[in-house]
Structures are given as structure tokens and as C-alpha cells.
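The values are calculated or read from the model by the stated rules, or taken from the named source; none is laboratory data. All values derive from a computational prediction rather than experimental measurement. Positions of Cβ are generated from backbone atoms using ideal geometry, with glycine treated the same way; all protein chains shown enter the neighbour counts. For accessibility, only protein heavy atoms count, side chains too; no ligands or nucleic acids. Shrake-Rupley method; radii C 1.70, N 1.55, O 1.52, S 1.80 Å.
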Number of protein chains: 4
Amino acid sequence: MLSKNRIEAFSDGVIAIIITIMVFDLKIPELAEHFTDAELHKALWGIVPKLAAYTLSFIVVAIMWLNHHSLFDKIPHSTSKLVWYNAFLLFGMSLIPLPTAFLASHPFLPEASMLYGLVLGFTALGFTFLRAYAQGKAKLISYNQLVQRSNIIGTSLYLLSAPLAFVSVYLSFAIFIGIPLWYFLPDKFQK
Amino acid sequence: MLSKNRIEAFSDGVIAIIITIMVFDLKIPELAEHFTDAELHKALWGIVPKLAAYTLSFIVVAIMWLNHHSLFDKIPHSTSKLVWYNAFLLFGMSLIPLPTAFLASHPFLPEASMLYGLVLGFTALGFTFLRAYAQGKAKLISYNQLVQRSNIIGTSLYLLSAPLAFVSVYLSFAIFIGIPLWYFLPDKFQK
Amino acid sequence: MLSKNRIEAFSDGVIAIIITIMVFDLKIPELAEHFTDAELHKALWGIVPKLAAYTLSFIVVAIMWLNHHSLFDKIPHSTSKLVWYNAFLLFGMSLIPLPTAFLASHPFLPEASMLYGLVLGFTALGFTFLRAYAQGKAKLISYNQLVQRSNIIGTSLYLLSAPLAFVSVYLSFAIFIGIPLWYFLPDKFQK
Amino acid sequence: MLSKNRIEAFSDGVIAIIITIMVFDLKIPELAEHFTDAELHKALWGIVPKLAAYTLSFIVVAIMWLNHHSLFDKIPHSTSKLVWYNAFLLFGMSLIPLPTAFLASHPFLPEASMLYGLVLGFTALGFTFLRAYAQGKAKLISYNQLVQRSNIIGTSLYLLSAPLAFVSVYLSFAIFIGIPLWYFLPDKFQK
């Protein structure tokens, strides 16, 4: 039987790296040796939309860490399959910096929102599978229809945001911002 | 109820990554295949002002780690809100490498000191909010007016350094160096 | 006597960094200020073969983490030599991103498969040596011929994939994909 | 009083990041779209001297981790000053990738060996100060003249290698390789 602690510690390490290094990618572009005021201001203000994309992903990963935390707190011990469902989830999470950087560079490009929606949908799917396994066949935790339904809705919305981006990127943005907001509603934390 | 240990471990992971990778950003620029002595010496001496900026940020983040440590040592257990105040603080901290790199490249540019002051002020605000929550509504720790007043002064000084940089960057430098020095005064560690 | 926990925690940290940052290397190439649809689609589809290489290495490192986990779970305490065998293994693992990036950029170049096979063979050798030491002279764990034979076969196959790449890279690919698949066979987890 | 565990865990995190990401810096240079066999072989063989520099630094950092481990194992509790001596040491260690990358790019440049010797000497000085504090004023560990003398010799040799590089880089190389070898002499581990 695998110890649960090392899996939690390993996941914490991976999530800490993802959330931290992602923000590290945010850089002020190198200025030429002699730069004008206009070039300087362009470099400084260019950070603002990028900061928005990175802040959003930071919040999303922080929510995921909290969910991971609250799921594993209830799990009494690990199994080999749990390790693999967890690895699948961590793989999805480790991809998040990729569409974040792309969205930060091209905020109004539909393909950027599509990629962001697909990767977050894939990661939300990882959570749905992990919980389905833990509360289903493995009976590691008690069945919680409310949380699992919320996982399925989150996954569906993220995946829906991908085609919607070609209608209007603002529809995708509404989903990207709405889902984290939903997690801040007070009763969510009683679960 | 959330376990305090995983929050501490996660925060330690995030802070360890910030403090370490920041220094990693410090590189000797690639030399051309055939370089002159002058190019070599320019590359080597160019490290000195950068090293100063990175050393300063290393000390600042180390002090923050120590403060985080000493705050969480007194907290008996975690709450959901504490996790979010902590995430807000870690977000601020993870931004520190951004103005550090900019200050390292353009030490005498007022905008670089402004950005450094704003990000450190934002992070110091994170500490102020975290302590205000923990000692206020949540009553997790006993009220410590001295430490909180020092947090508020630190936040104000950092935020003040941003406009001051346009008067003289040396005023900002005095604040950037003065605040860490203040933490080394012996009686600070009795808290 | 060295405590086993700090070695496990240190190894977990190193492996978490390897597995996470490797995927971070996967980036959509910077697009020019004004790009055509063709350039955009080339950039997006160019991710697919790279994603394949990174996914493969993610799975390989996850299996290694699981093996490391299951080996150290049985070890009662550490020794100085164990630390060095472990460091040798971690060194091999920390090299994995190098051939992964090269294979991702040049999937059909025999030299890329050769390098991938050599580094993974070197790492598998690290596992073989670590177990040989732990179950041999040090008598830290009981002798397990089955697992050690599987380590030796894995090492040999990876090393064999290097020259085979010059016959056909598909032979190397078969080995790279076959070995992880072998670890998913159900009975492997009973060990 | 500060808990010793969080300092050990934090140090382990920092050292794990240093040792892992340093090797990550080792990359095969990007090849042009259409490359010749000569360009490919130059890129592949160019890795060999770099690998030597990274391997050396990996071993040096691994030895430092082991020394840190063995020092903190004997320390009963932490103090504020110990945290700062430890931070000084970690700062030195986090600089190691800088001269490693420079030495890897320019192995026979005296300035590269000089920088490597200075940074390692600075780090060895960090160990000397940490132990001097712990066994001296703070009386955290019992006085061990043998280990401290070996720290002082190591520091002196590294600092000596900096001017020696201008006589011959091979003299510096002898010191860089000799010091780690010294740590592998069997009786060193009885301390």
C-alpha cells in the first residue's frame, strides 16, 4: 500500500512549481541600448494584459490546489490507480502555462482562448476522473454528488469555451472568469 | 478544517522556488565566438550592478520567509480565508522577480524603481492583510500592534518609493535598503 | 546514520522539478507582429509532435517516481553509499529533459532517438545499481529477483534503442513506448 | 524559538531546485531548418565539455547537501542567527549555476575558472561560518576541529584557484576535481 503523504507532498511540489514559475514567465521585454520614452511606455504597459492572463491562471491553479487538498484530506490511503489518476491531473495542470503564455501574447486571438479552454477542460476532466475513481470503484471517499456535478459542469463549460471563442472571445473570457468566481461563493467552502 | 502543515509546506515550496530561480536569472551574457578583452570585461563587470539587485531581492524574500514562518508558527489551524490571504501574498511574492530583473537591467531608470516599489508594496500589503485577518476577525493569533504597525510602515514606505523615484532614484534605493536593514536590528527577532 | 525521510523528500523535490519544468519547455513559438493564418496554424500544429515527446517523458518520470517510492518504502534506513547511488540516479533523471527537447524538435533524426535511448538507459542503470546495492551488500531490502531482472531488461532495451535508431527510428520508438506500457500491466503493481 | 524542520525543508527545497535546474540549462543548441552533418555533430559533441562542467557542479552541490544534512542532523533547534547564516550559505549555492554556465561555455578561459573558484570559495565560506557559529557562540553542536579544518582548507583552495587560473587553468581544474574526490575518501563519512 502506498503512503498518502508522499503523494500529497509530491503533488504539492509539482503545483508549487507550476504556480510560481508560470508568473516568472512574465517579463518586461528587453529594451534596446538607447530607447525612447515611447518604447519604454510600450514595454511597461504591455505587461498589463499579460498580468491579467497570469493572474487568472494563478487563481485557477490556487483553486485546484485547494480542491486537491480537500479531496486528499478525505482519502484514507493511496492505491496504484489513484497515483495514475493523480499523475494524469498533474500532467494537465503542468500544461496550463502553455496556453497562459499564448493568451497573454495574443489576448484577442480566438485560437488562444480555444487552447486555454481545451487545456483547462482537460485538467478539469482530470479532477472529475480522480473523484469518480475515489468515490466510485475504490470507495476511498464517500459519494458527493454536489461536488462531482460541479466538476462536470466546470469541465463542460471549459470545453464549450473552445468553440465559443470563434463566435466571440468575450464569451470565452466570461467562462474563464466566471468559473473561478463561482468558487469564491461562500457556501462552496463548506463542502 | 484545513490542515496548517500542507499550507506551510506549499508556501515553503513557492518561496524556495522564488528565491532560488530569481538568482538563476542572473547570467553572464553570451559572448561572440571571437571576443575582445574589452567585451569580456564588459560582460564580467556588467554582473556587478545586477548582482546588487538580486542580492537585495534575495534578502527581502528571505525576510518574508522568516516573517511567514513566525506568523504561521503561532497560528493553531487554517481556514479557507486564510488560504486565500496566503495565496494573495504568494502571488505578490511571485511577482518580485519581474521588477528585480528590470531594476538589474536599468538601475537608474526611475520607472524601474517605481515598479520595484509597487510590487514590494503590494507584497507588504499582502502581509498586512494576512495578519489583519489572522489577529482580527479570525482571532487565530493574539493581537500584536507592534508587528502590524511595522507592516503598515513597510507597506507605506515601499508605496512611497514609487513616486519618489521620479524625484531621485537614490531616495527609492534608501528605502529599498533601509527596510531590510531595519529587520536586522536585534530586538526585531524577539517578537 | 542518515535519516531516510530527508533523502525521500529531497528526491521528491528533484523529481517534481524535473517532471514539471520539462513540460514547461513546451512553448508555442513567438509569432511575428503581423502573422498569416498559415503561420498561426504551423505554430499550433507544430506543438503536436512535441507534445508527444513531452507526454512520453512525463509518463517515464512518473513511473520512475513510483519505483523510487516503492523501493524507499521498503528501505528501513539510509547509508552514505545509498545517498550516492540515489544521487547518481537523480543525475540521470535530471538529464532527461535534454534528449526530450531534442527528440521533440527532431523526431525522425536517428541521433535524437540515440540520445534519448542513452540517457534513459543511463537512468535505468541508476535504478539497477541502486537496487543491487540495497538488496546486495547493504542488505537494506530483501532480494527481489523479479524486479531486478525487469530493471536489467529495461536498461538493456534502452541502450539497445540507441544503435537501433540508425536502422529505423520506429524500432527505437517501439522500445520507448513499449517499456512504459509494460509497467501498466496489472500484476506489476503487486510487487 | 524557530522550528528546525521548516528550515531543513526550506533548504532542501532550495538545494533541490539548484541541483536540478542547473542541469536543465544544458541544452543542445537549436539547429537551423536545414542543417549539415557537420553542424549536427558539432552540436552533439559540443555537449561533452558542458556535460563535464555540469556533472562537476552536480557532485559539488550533492556533497554540500550531504554536509548540510549531517550538520543540521546534529543541531537540536534553530535560532534567528542560524537562519541568516543558512540564508547566506543558500545564497552562495544559488549563485553556482552562474559560473557553471560560464565555465561550460568557455572551459579554457582563465576568467571562467576564476569566477567558478570565487563562487565556490564564497559558498565554502558560508559553510565555515555556519559551523563556526553553530559550534562556537551558539553551542548548538559540539566542537569538531577536524570538519572545520577541512572546511577552511576547502575554502582556501577554492579561493586560491581563482588567481591560479591565470597561471594555468589546469591548476584550477585540479582543485575543482580534487576537492570533491577528497569527500569520497571512505573515512570522511564517519564524521
In what order, largest first, do A:TRP45, C:TRP182, A:TRP84, B:TRP65 sit by accessible area if the probe radius is 1.4 Å? A:TRP45, C:TRP182, A:TRP84, B:TRP65
For B:ALA174 and B:TYR143 in the same chain, what is the full-extension length gain: residue separation times 0.36 nm, less their Cα-Cα distance, in nm? 8.1 nm
For the stretch A:112-186, what class follows from the C-alpha gyration tensor (a ≥ b ≥ c being the square roots of its eigenvalues): rounded when a/c is under 1.5, otherwise prolate if a/b is larger than b/c, else oblate? prolate
Pairs over 32 Å Cα to Cα, from A:LYS50/C:LYS50; A:LYS50/B:LYS137; C:LYS81/D:LYS50, come to A:LYS50/B:LYS137
For chain B, whose charge dipole is built from +1 on Lys and Arg Cβ atoms and -1 on Asp and Glu Cβ atoms, the candidate among B:SER172, B:ALA138, B:THR128 with its Cα farthest towards the positive end is B:ALA138
Quick one: which of A:LYS139/B:LYS139; A:LYS27/C:LYS42; B:LYS27/C:LYS42 span more than 30 angstrom between C-alpha atoms? A:LYS139/B:LYS139; B:LYS27/C:LYS42
Let me know the mean shielding of C:21-30 by other chains, meaning the per-residue number of their Cβ atoms within 10 Å of its Cβ. 6
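Taking beta carbons within 10 Å but only from partner chains, what does the mean come to for residues B:113-124?
0
So what's the net charge close to D:GLU33: Lys and Arg +1, Asp and Glu -1, counting the other residues with Cβ under 14 Å from its Cβ?
Once positives and negatives cancel, what remains is -1.
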Please turn the phi angles of the stretch C:24-35 into ³J(HN,Hα) values with the Karplus equation 6.51 cos²θ - 1.76 cosθ + 1.60 (θ = phi - 60°), one per residue in order, whole Hz, x for glycine and proline. 4, 5, 6, 10, 7, x, 3, 8, 5, 4, 10, 10
Residue by residue, what Karplus-based ³J(HN,Hα) values in Hz, rounded to whole numbers, does the stretch A:117-133 have, using 6.51, -1.76 and 1.60 with θ = phi - 60° and x for Gly and Pro? x, 5, 5, 5, x, 4, 5, 4, 4, x, 5, 4, 5, 4, 5, 4, 5
Looking only at aspartates and glutamates whose Cα falls under 13 Å of D:LYS74's and that sit 8 or more positions away or on another chain, we get D:GLU8
Just to check I understand the Karplus step: with θ = phi - 60° and J = 6.51 cos²θ - 1.76 cosθ + 1.60, what whole-Hz values come out for the stretch A:154-163, glycine and proline as x? x, 4, 5, 5, 4, 5, 5, 5, 5, x
Helix-only mean residue ellipticity at 222 nm, the protein assembly as shown, DSSP H runs n ≥ 4 weighted -39,500 (n - 2.57), per residue, nearest 500. What is it? -25500 deg cm²/dmol
Sort D:23-35, D:66-78, C:50-62 by the packing proxy (mean of other Cβ within 10 Å over each peptide's residues), most packed first. C:50-62, D:66-78, D:23-35
Taking a label point 7 Å from Cα toward Cβ, how far is D:ASP25 from its twins in the other copies, in nm, shortest first? 1.6, 1.6, 2.2
How far, in degrees from 0 to 90, does helix A:169-183 lean away from the longest principal axis of the Cα atoms of chain A, to the nearest 10? 50
Net charge around B:LYS50, counting only other residues with Cβ within less than 14 Å of its Cβ (Lys, Arg = +1; Asp, Glu = -1)? 0
Quick one: the Cα spread of chain C along its three principal axes, in angstroms, biggest first? 63, 36, 28
Mind checking the alpha-carbon convex hull of the protein assembly as shown and giving the volume per residue in Å³? 171
Degrees, to the nearest 10: A:47-74 long Cα axis against longest axis of chain A: 10
What net charge is computed for the residues neighbouring B:HIS69, neighbours being all others with C-beta under 9 Å from the C-beta of B:HIS69, Lys and Arg scored +1, Asp and Glu -1? -2
Under unit Cβ charges (Lys, Arg +1; Asp, Glu -1), what dipole magnitude, rounded to 20 debye, does the stretch B:23-178 have relative to its Cα centre? 980
